[in-house]
Each structure stands twice: as structure tokens, then as C-alpha cells.
Amino acid sequence: MNEQKTTIPEVFLSPYNPAEHEEKLYKMWEESGFFNPDVCIEKGVTTPDAEIFSIVMPPPNANASLHAGHALFVTIEDIMIRYARMQGKRTVWFPGSDHAGFETQAVYERHLQKEGRSRFDMTGEELRSEIWDFVQTNKAIMENQVRSLGASCDWTRELFTLDERVIKIVHNTFKKLEEDELLYRGARIVNWCPKHQTSFSNLEVEHEDRNDKFYYFQYGPFVIGTARPETKFGDKYVVMHPNDERYKEYKHGQQIDLEWINGPITATVIKDEAGDPEIGTGVMTITPWHSGVDFAIAKRHDLDFEQIIDWRGKLLPIAGEFAGQDIKTAREQIVAKLKEKGLLVKIDENYQHSVPCCYRCGREIEPQIKDQWFVSMKPLAEKALHALDDKRFAFMTDRDERVFRHWLENIEDWPIARQIAWGIPIPAKICTQCEHGMVDLDDSIKTCTKCGGDVIQDPDTFDTWFSSGQWPLATTSYPNGDDFKTYYPTSVMETGKDIIFFWVARMIMLGLYRTGEMPFKTIYLHGMVRDKKGLKMSKSKGNVIAPSEIQEKYGTDALRMGLIVNNVPGADMNLDSDKVNAYKKFANKIWNIARFTLDSITDMSSDAVLNTSDNENIENNLRVQIVAITKDMDSNRFDLAAEKAYHFVWDYFASTLIEESKTLLASTDSNIKQSRQRLLSEYLISALKILHPFMPFITEAIWQEIPKEMKDADILMVAKWPK
RNA sequence: GCGAGAUUAGCUCAGCUGGUAGAGCGUCCGCAUGACAUGCGGAAGGUCACAGGUUCAAGCCCUGUAUCUCGCACCA
């Protein structure tokens, strides 16, 4: 120990203990007001005309604790924000939380189920009110977890997706879509989940590959094939390709009497190009109410529509003796009856197909016809494609751009209503007589504008993604807010690649639609966080890693480093606690570097002159590292920047510089000694700054122990990025 | 069916515009050395999936093959 002086603060005498510092430091940051750019301007940390850097946080669902994916996005975005702030940019990060309509309701329904209750025994109002309370509690927990991760977002600008401001924008968009004739209400095929009793967009439907039986039945003179005999009761149209030579004797519109499941029927021949001669026998019957393809054929030829299966998945009276049966149990019995009647030709036991399922419960989706609000997406998608062509925004990686483009070029209209209580109500009236729907923002419509009949409030709510798609508008207070004028378009949209269509594409389309401008300039999509073996985390596998547990065990800084190093933008990454532990050790290393450095410095004045070799060291070593790391930061390669910083600090600063300093500091030549002290001081200051975006807590904890004369700011968070 | 990505040390993965392979963990040997044993010094371990090609030079570029993963779409 150096006998001359003992300025070393006592905290350094024991290893770095994250739990001791993190909460206090976050409180200090939050109370300093520097998360808020207005305060930064007021206190001279940044200037009003400084370059703008803004991010809208993907609002976590207010229905559960944070998972590893949240920890990843908070880390990446906080790195961006802290880096920008240290560069003196006018920086803001808009936090928020999402009511997550269907998701939250589904979570809450499970709670109800545990209590032996069901939402179907409650009014929408009761359900809404209970979920509201549930969400308030979870929202607070979630926000504190975001804080614990070190997120330097501006809480004074926080927003919830059910706040008035959001609802107003969403309602106005709905109205504008109607005025621009981009909104229509019509009876179309929807993806209906018989369990959740709501419709979904195509994005919410998952396809499960299955091996099922495929049945061939005699249908008059034809043999038809189907995997779903239970839908066939109403089939009275037989479709084939117009050019199929095998069936040229049959004419379009020709009627044929034949025996079918429940007795004789009259079938009509339809020639349509949707009939693929290559599949099965080239002949099919159609069920327009329960199939999108069949629906389209029926529309083209103005055919009848009949519902066979009810909203709960049970057969309707058209099924005769099978009415009331659940379709899952009815199938075999129907086949048995057809066999009895001699109409079963054969069964292919090994038919491979993929079945649409509810992404949440896995139950088979039943296509149904339902009157729904749809948004015409093609005009909106074209605007987005033009913006992409004009390079008004860019993806970090080309592959994201290709995927995005492909989706937009093949976009389908968007059903935006959900039959659930938890969400933003659709401001519309529905006629009880003619089903006509009327947009009504101010509750002024009392009778049907079409038939004069009675109207009721539309009981549905918006698809969560319809409101989330307007999130950048809401957070910045479109259209008149100062934030909108200052921070829109935002600099970067950073979110998971799994929601590129759900969210990113919708924000782009709706943002362009409302403002004519892109909601953001750069899109950074991160991959999924998996467990240490690369498996998807799931409760059933028991491999879910809760960020809070990792934080407690290794510290938040270590978690952040574990999430960022080696994590290539867009690629999935594996979270391994051994890796996080390595960064816990690194945190302790930094701690001891600071201890050694501060202990070595006897003279705090910065006027010590660097000797030639130390000066060269700064120029050829420190500066070079800073430039390299800054370059990685500027290209959003935080994985590389973090790794460089790690090696620079450990392998050079600690292993080389400090080791050689031990002899130099003992020199009797005061110039050598003082020069060395100043060199170490510069290294420490720079290292802390470089590491701060990645490891904000420990770097700030050390910064707070550094004598004022040595530093350019009281709080590291607002110190200047080194050059 | 359309499209994308992956294949590098025992494990999990980096390697940015081509120049004799890197990290973490693990393994082996040694060590109290003005901070740190959450440490220090050292070592072993890779024909960079395979086959061709371009180049003075290829893990990196081109062609093909194999295996795996993911996304989208369709299904009578």
C-alpha cells in the first residue's frame, strides 16, 4: 500500500456488490432529471439546436413480468440512448406500456378459470373493470423492472395505450380511413377461434403440420376428396377447371341429382379456374361459409352461402341427425354413415397438410363468415413501398428489407375488430336490422343511415396492433404536440424481428398515412433470446430465464453485457448464465482497476505534463481504441464495441498498462511518476465513459467516487463521449 | 411451393470492405506478484460441413451438394 496517501474510498476495499449500488444510482439519475431532454437543455448539458436522437420504446405488455426478450431490447435501446446523450445529442426515449388487448384478456381468463369463473358469465363492463385493476398492478411491476435494468427513458413522457390521447388518435384514424374510403364493413371469411370467441388476422394464425386421413367420396358421377367431411352437409356445388378434359361433358351450371349424406340433393356444376386438375380427382365440392378459397369461388359465381358449424364449433341443424355435435367427434360418424350408404370410395391414411390453429390455444381455427370492419391495405402498403424505394428509411440488414417488401407486395386487407372486451372500443353503430355499420365518434347516430332502423353500439374492440401501429404518433402527441414537431420521425425503431409485420409494418403504413412522414428512419431488429442451448424459452420446457433472477445473482451490468456481446443484430442469441458470470467478474475487474488507479494518484491536478512515451501511448493506443469503438457504435454494432471495450480494459489497461505502471510509479523521477499518474487517470476516465452505455451502474458508481478535479461532469451519464 | 439464414475449438457462438483463426465456459500445468483468487502466468485443443472455381492470397467471393433452423403461402 502506498504510505503517502490513503485517498482511496472505503467502498473499494471489498469486491463490487451490484445490489448495494444499482437502486441508489437509478434514483440519482431519475432525480437529476437528465432522462428528460428539456432538463438537459435547461441545465446546459445539451443545446436546443443539438442533433436530435429519439426512440419510442416498444411498450411491454402490462400483463406480466419482463422476460429475457424485454431485457434485451431495454439493453440495446439504452445503449443507443446513453451513447447519444453522451455525444451531446438532444436525446429522448419514450417509455410506455401496452394494454395488449387479446393477450391480456387471455391471461386474465386463465385467472378466472382458476377461480372457477368465466368471462362468458360477465358483462363486458365487469370484465373490463376487473382487467383494468389487474393491469394497473402489473404495469407498476413491469415499470420498476424496466427501471432496474437501467433504462434511461423519460418517465415524464410515459404513456399507456389506453390513455385518452391514444384513443383519440386511433378514433380519428378510423374516421379518416372511412372518409378516404379505405375502411369498409362486409361479410367476409374470418379466422375464428371457437375457444376464444374472436376473430384473428392471418398473422395471428399459426399453421401446424399434420398427418390426417383424406377421404374420397362418391358425389353423383364424381369422386371428391376432403380432409373435413364434417363441413360437407351443405355442399351443393361441384367445381372443376374449365379446361379439364376429363369433365368436358359437364357444362357450367348443369344440375345433377345425387344422393348425399342426409338424402338426395341437386348439385350444380361450376367451372372455375380455382379447380386444380392436379389435385385429387380434379373435382371438388365447396363450403363457402367455412373456407376462404370456397368463399372466393362462391363470390365469383354468386352462389349461396350456408353456415354449417356454429361459433362454438358445433354442427347446425343443416347437419340433420348430427346437429349439435362437436365437429371433432362428428367426423368419424359422418364417414361411417357415408360408408354405409356406399358413398365412401377410399381413405388415404397419410395425408400431409398444415392446419390453421389459434396461436394462443392451438385449437383449430374455423373459418367463418362474419360482418367485420376491414382496412383496405393496398393503398397504405404502396406508400410504404415508395418510401422504401426512395430510401426514406432503412433496415439494418438487407434480409429484413426483402422479407418486409415481400409481405407488403402481397398484403391482404386487415380485419381490425376483435370480439373481446379489453381494448379500445370501436366508435361505431351497427344497425340491428340491416347490419349496416356507421362510424360515429361523438355518439350522434341514433338510427340507421341506410334503412332507418335501430342501432346499437358496436360491441367490438380494435385489434391491439391497430392502436400499437399508431404508437409513434401517440407518444409524440400528434398532431399538435411539441414532441411531435421535435422528435418525429424518430431516429431508430428497435424491436424484435418477430413483430416486423404485426407492428413495424403497421407503424410505417399508418404513420405515413396520417402524417405523410415515416415514423422512424432506421429499423434495427433484434433476434430472439434463447436458453444456453439455443432452445426457445417456454414455461412448459421449464427453461425460462427471468432477468430479475440473473440481475440479483450477477448484477444488471453483467446481464447487459451477457446480452450484448456476441449478439449480432438480427440473429438469435443464447443467454447463458456462465457467460453473464464472466461479465460479473469483469465488473469486479473494473472496480479494482479504479481502486488501483485512484490509489496511485497522489496529485489530482491535471497540469502534470505527459512525457513523450506516455503521450505517444495516449495517441497511438487510447485514441485508436476510442475511434474503433466509436465507429462500431455509429454502425450499431454494439456487440463488437462491447467486446473491444472489454479487451481494451482487461487485456490492455489492466494487464499491460497497470502492470508496467507499478514500476514507473515507484520511480524517483517525479516527471515519470506524475506523467504516469495522469496517463492512468486519462485511461480510467475514458474507460468509464466507453463502458458506460453497456454497464451504466458500475461505471457511474466509480465515477461518483472520482475527485471532481479529474472529471468533466458530476454525473457520468451526461459526461462527454471521449474523442 | 416461395424465400431467408446457419454449418468455425469439447459446449455456446464472434470473426465488419478476402492477407497465415477469436471470446466465454470447460480442460491441463504453475503462482500470493503494490488493485483484483470474481485473480495472475502458461498450455493443450480447429484440414473454418463437403466438392469444385476466382485470386499472389478465401472461414470470408462464385457454383454445386448435404444437413439443420426459421419466415411466408397453399391445401380438395
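The alpha carbon gyration tensor of the range A:287-370 gives principal lengths a ≥ b ≥ c with a/c below 1.5, which makes the shape rounded.
Enclosing the Cα atoms of the range A:45-177 in their convex hull gives a volume equal to 141 cubic angstrom per residue.
Compared with the alpha-carbon gap, the fully stretched path from A:Val293 to A:Val627 is longer by 114.4 nm at 0.36 nm per residue.
Take every Cα pair under 8 Å in the range A:236-295 that's 6+ residues apart, average their separations, divide by the length, and report that relative contact order as a whole percent. It comes to 42 percent, rounded to a whole number.
Cβ under 12 Å from A:Ser14's Cβ, A:Ser14 left aside: what net charge do those residues give with Lys, Arg +1 and Asp, Glu -1? Taking every other residue near A:Ser14 into account, the sum is -1.
Projecting the alpha carbon convex hull of the range A:199-330 along each direction and taking the average yields 8.8 nm². The distance from the alpha carbon centre of the range A:703-723 to that of the range A:454-511 is 38 Å, rounded to a whole number. Each semi-axis of the equivalent ellipsoid for the range A:513-630 is √(5λ) with λ an eigenvalue of the Cα gyration tensor; in descending order they amount to 38, 25, 13 Å. Under the combined filter of DSSP loop state and at most 14 neighbouring Cβ atoms within 10 Å, the range A:236-334 retains these trypsin sites (Lys or Arg not before Pro): A:Lys248, A:Lys251, A:Arg312. In the range A:453-493, the ratio of gyration radius to Kirkwood radius, Rg to Rh, stands at 1.25 when only Cα atoms are counted.
Centre-to-centre, using Cα atoms only, the range A:535-588 and the range A:344-414 are separated by 33 Å.
At a temperature of 25 °C and a viscosity of 0.890 mPa s, determine how fast the range A:579-713 diffuses translationally according to Stokes-Einstein, using the Kirkwood radius over alpha-carbon pairs as Rh; express D in µm²/s, rounded to the nearest whole number. For the chosen part, D equals 160 µm²/s.
The value of relative contact order for the range A:144-255, using C-alpha pairs under 8 Å at least six residues apart, is 8 percent. Taken over the range A:1-106, the ratio of Cα radius of gyration to 2.2 N^0.38 Å equals 1.47.
The helix-based estimate of mean residue ellipticity at 222 nm for chain A, built from -39,500 (n - 2.57) per DSSP H run of four or more residues and divided by its residue count, is -11500 deg cm²/dmol to the nearest 500. The average projected area of the range A:493-562, computed from the convex hull of its Cα atoms over all directions, is 6.5 nm². Please list log₁₀ I(q)/I(0) at q = 0.08, 0.09 Å⁻¹ for chain A, using the Debye equation with identical point scatterers on the alpha-carbon positions. These q points yield log10 I(q)/I(0) values of -0.76, -0.89.
Rg and Dmax of the range A:638-723, both derived from C-alpha coordinates alone, stand at 13.9, 43 Å. The peptide list A:355-361, A:205-211, A:320-326, put in order of mean Cβ contacts within 10 Å with the highest first, becomes A:355-361, A:320-326, A:205-211. Shape of the range A:323-482 from its Cα gyration tensor (a ≥ b ≥ c, root eigenvalues): rounded if a/c is under 1.5, otherwise prolate when a/b > b/c, or oblate? Note, shape of the range A:323-482 comes out oblate. Over every Cα atom in the range A:134-258, the radius of gyration and the widest Cα-Cα span, Dmax, amount to 26.4, 75 Å. Using a simple spin-label model with pseudo-atoms 7 Å out from Cα toward Cβ, A:Ile445 and A:Ala571 lie 5.3 nm apart.
Restricting attention to chain A, close to 70% of DSSP beta bridges with both partner residues there are antiparallel. Helices of chain A meeting both criteria, an alpha-carbon length of 24 angstrom or more along the long axis and an average Kyte-Doolittle score not below -1.0, with helices taken as full DSSP H segments, are A:68-86, A:124-148, A:577-600, A:670-691. The overall shape of the range A:352-429, judged from the alpha-carbon gyration tensor, is oblate: a/c is not under 1.5, and a/b is no greater than b/c.
Charged neighbours of A:Gln551, selected by a Cβ distance under 12 Å, balance to -1 (K, R count +1; D, E count -1). For A:Met528, what charge total do you get from the other residues with a beta carbon under 12 Å from its beta carbon, if Lys and Arg give +1 and Asp and Glu give -1? Residues near A:Met528 contribute 0 overall. Computed from Cα atoms alone, the Kirkwood hydrodynamic radius reported for the range A:418-533 is 16.7 Å. Note: the range A:167-207, Cα convex hull, 114 Å³ per residue. Its alpha carbons considered, the range A:321-360 gives a radius of gyration followed by a Dmax of 13.4, 40 Å. Diffusion coefficient of the range A:640-682 by Stokes-Einstein, Kirkwood radius over Cα pairs, 10 °C, 1.306 mPa s: 143 µm²/s. Against the compact-protein benchmark of 2.2 N^0.38 Å, the Cα-based radius of gyration of the range A:192-257 scales to 1.55.
Would you work out the Kirkwood radius for the range A:601-667? I mean one over the mean of 1/r across all pairs of different Cα atoms, in Å. 13.6 Å is the Kirkwood radius here. Between the range A:256-311 and the range A:93-120, the C-alpha centres lie 39 angstrom from each other.
Readers should treat all values here as calculations from the given coordinates under stated rules, not as data from a laboratory. These numbers were taken from a predicted model, which means no experiment stands behind them. Note that each Cβ is placed from the backbone with ideal geometry, even for glycine, and that neighbours are counted across all protein chains shown.
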